[in-house]
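> I'd like to ask some things about the structure below.
The values are calculated or read from the model by the stated rules, or taken from the named source; none is laboratory data. What you see is a predicted model, and the numbers here were worked out from it, not measured in a lab. Glycine also receives a Cβ, built like all others from the backbone with ideal geometry; neighbour counts cover every protein chain displayed. With ligands, DNA and RNA removed, areas are computed over all heavy atoms of the protein, side chains included. Shrake-Rupley method; radii C 1.70, N 1.55, O 1.52, S 1.80 Å.
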Amino acid sequence: MMHTHYDNLKVSRDAPAEVIRAAYKSLSQKYHPDRHADSEEANRVMRLLNAAYDVLRDPERRAEHDQWIVAEEKREADKKQRQAYAQRSATAAAQAQRQAAQRQQAARQAAAARQAAEPPATDTDDVDGPPARPRKPRRTRADRATRNRAADGPATPLPRYGSFALYAAIGAIIVIMLGDWSATSEASASDGSRPAAATAPASTPTGTAQTLARSLAPSTASTDRKYARPSMTPRGTPWPDHSGYLPGYPVLNGNGLSTLTVDNSGSASDVLLKLVAVDGNAPLPVRTSFVRSGSAFTMENISPGAYDLRYQSLDSGEIFRSERFDLSEVRELAGTSANRNVFKLYAVPGGTSRSVTISEREFP
């Protein structure tokens, strides 16, 4: 069972910072080593409390912990779904085998009843006349089938319905339990409608907009799987009717002056887009947006740092990552200047781009 830092401090996931601080203070007084100098259990609990409070009092580390919780909950839900599917498959196979056995029993009983109702194999006519010829036994359908098989050669046992269903169900269970249910959707050959782009390169802080008008050519590689546009967001909510931040995702790194505009006016595909901070140990999505085709969206108040953009065409399913870029701020006599970058998405056959195709595993 999953155990979180919230569980260690006995607070809810949406608890404000004051509640978390008060809970830590109360529990640390209860388990402090000064009161339990010889208790290894108290020392262990105190270490857990310290680790939980160090994470939850830091907004960025708390956001990472929340994302880990969501990923673990999804993994547990997928595991339960696979187990339920395997159980249903086993039940269906057992039921099919019972039905096959019942049909075989009914067929044997019917054959026995027909055999009991048949007249004797021989009889005699008038005693004064010549003896009657022996009457041949009436052949049943099963007898004719047996005779035909004997004429063709040694009989080959045929698979029974119940056994076939059982083997098929066992095979399905093995595939389900060993397979990865993560929905990996790779795009087939594009018709030029998917968005493609290159990022604005790292630049000196400026108050004017910077636009990079490069594009990525549609892929001509075909894939084995068919991609279908998802009807819901990854959080299970309907897609918004306008461009903006996607509900249910945190908005982080919001203490800066830089802005980043995603211009999707030249593309025919809606885009799921993530601004990812890459100056830490692991890539951290700080903004998750939905940008409709034919529109643009501006992310504001972005803190200085190193970032890249990772985005998915909702029409083709392809996922891309831009080149890394830096957002910075410079103090001047007249104030502080910051970056005003524009990231343009559009599809053009041919052309070049510094965006690269990535897998769904790299789309956090």
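> Quick one: of LYS226/LYS274; LYS74/LYS274; LYS74/LYS344; LYS79/LYS226, which pairs are farther than 26 Å apart, Cα to Cα?
Check vs 26 Å cut-off fails for LYS74/LYS344.
> Please express the shape of region 1-104 as an equivalent ellipsoid: the semi-axes are the square roots of 5 times the eigenvalues of the C-alpha gyration tensor, given largest first in whole angstrom.
47, 18, 9
> Which FRET efficiency value, to the nearest 0.05, do you get for SER39 and ASP279 by plugging their Cβ-Cβ distance into 1/(1 + (r/R0)^6) with R0 = 45 Å?
0.60
> What is region 1-44 by shape, rounded, prolate or oblate, if you read a ≥ b ≥ c off the alpha carbon gyration tensor as root eigenvalues and call it rounded for a/c under 1.5, prolate for a/b larger than b/c, and oblate otherwise?
In terms of gyration-tensor shape, oblate.
> Ignoring ligands, DNA and RNA, what accessible area per residue does region 1-63 give at 1.4 Å, in Å²?
Accessible area per residue: 67 Å².
> Something else about it: Assuming a ≥ b ≥ c are the square roots of the Cα gyration tensor eigenvalues, decide whether region 56-113 counts as rounded (a/c under 1.5), prolate (otherwise, with a/b larger than b/c) or oblate.
Taking the square roots of the gyration eigenvalues as a ≥ b ≥ c, region 56-113 is prolate.
> On full extension of the chain, what length is gained from ARG47 through ARG21, given 0.36 nm per residue of separation minus the C-alpha to C-alpha distance?
7.8 nm
> Take ASP326 and MET232, extend 7 Å from each Cα along the Cα→Cβ direction, and tell me the distance between the two endpoints in nm.
The answer from the label model is 4.3 nm.
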